[in-house]
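These notes are about the structure you will find just below.
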Amino acid sequence: MDAQIDLDRDVFLRTLVRELATSLEAVVGMEEASGYISLVGQAVGNQIDDMYLEALGVDRLTAEHVAEALVDLKRRINGDFHVIEQDDTKIVLGNRACPFAEKVLGRESMCMMTSNVFGTIAARNLGYARVELRETIARGDAGCRVVVHLTPGSGPADGREYFGDADLPSAPPADVVPA
């Protein structure tokens, strides 16, 4: 059949995720839907973090490498994230294109994927993260502004907290470059 329709694997999968989020939001509400999506985001964050650790041959990423990994992973899935600002207490990221494209509009629960992937990677490597979604394309903003707080109590209390494994050694100093 030679039907001219906009359908490929990417469109299908983005539509699938949107409809799963829509169904969850309708059945259990926004907060619970965000919670379910958070579980998926945490599992995905663990897998992606493992990929970066293995590829770089390190046990932990520095804060600078966490920021680079967050930007890189979003680039690989057609996001357009960039670091706006970074210091010892936070990483501020901007974004001009959501990997879910137009499918994210009106589905804020889908932003939990970003929150949990970012929070999981940052906390696993640095011990703690609180992800604040200040602006999101899903809410109708022109872009996203995501703040990953790296120390408890820094910045406003908004956002979702993530904790690393207390048994891991502390992260290497910022000036240590992975081998």
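Throughout, read-outs are computed from the coordinates displayed, never taken from laboratory work. Since the structure is predicted, the reported quantities are computational estimates derived from the model, not experimental observations. A quick note on method: Cβ atoms are made from the backbone with ideal geometry, for glycine too, and the neighbour counts reach across all protein chains shown.
Quick notes on this structure:
- Check on residue 52, among the hydroxyl-bearing types (Ser, Thr, Tyr) and closer than 16 Å to residue 125 by Cα: yes
- All positions within the range 116-168 that are more than 23 Å from residue 43 (Cα to Cα), in contact with a Leu (Cβ under 9 Å, 6 or more places away or on another chain) and small (Gly, Ala, Ser): 140
- Considering the range 96-112, the residues that are under 13 Å from the mean Cα position of the chain (by Cα) and surrounded by 23 or more Cβ atoms within 10 Å (Cβ to Cβ) include one that is nearest to residue 49 (Cα to Cα), namely 112.
- Top-ranked residue of the range 1-25 - restricted to ones that are of a type in the set (A, V, I, L, M) and closer than 27 Å to residue 120 by Cα, ranked as surrounded by the most Cβ atoms within 10 Å (Cβ to Cβ): 21
- Note on the range 21-80: residues that are outside any helix (DSSP H, G or I), under 15 Å from residue 100 (Cβ atoms) and either of a type in the set (Phe, Trp, Tyr) or out of contact with any helix residue (DSSP H, G or I) (no Cβ under 9 Å at 6 or more places or on another chain) (or both) amount to 1.
- Filtered by the rule that a residue be surrounded by 24 or more Cβ atoms within 10 Å (Cβ to Cβ) and either in a helix (DSSP H, G or I) or of a type in the set (D, E, K, R) (or both), the range 125-153 gives 125, 130.
- The range 26-37 residues that are surrounded by 14 or more Cβ atoms within 10 Å (Cβ to Cβ), paired with ones that are part of a helix (DSSP H, G or I) and among the acidic types (Asp, Glu) (beta carbon under 6 Å, 6 or more apart): 33/25
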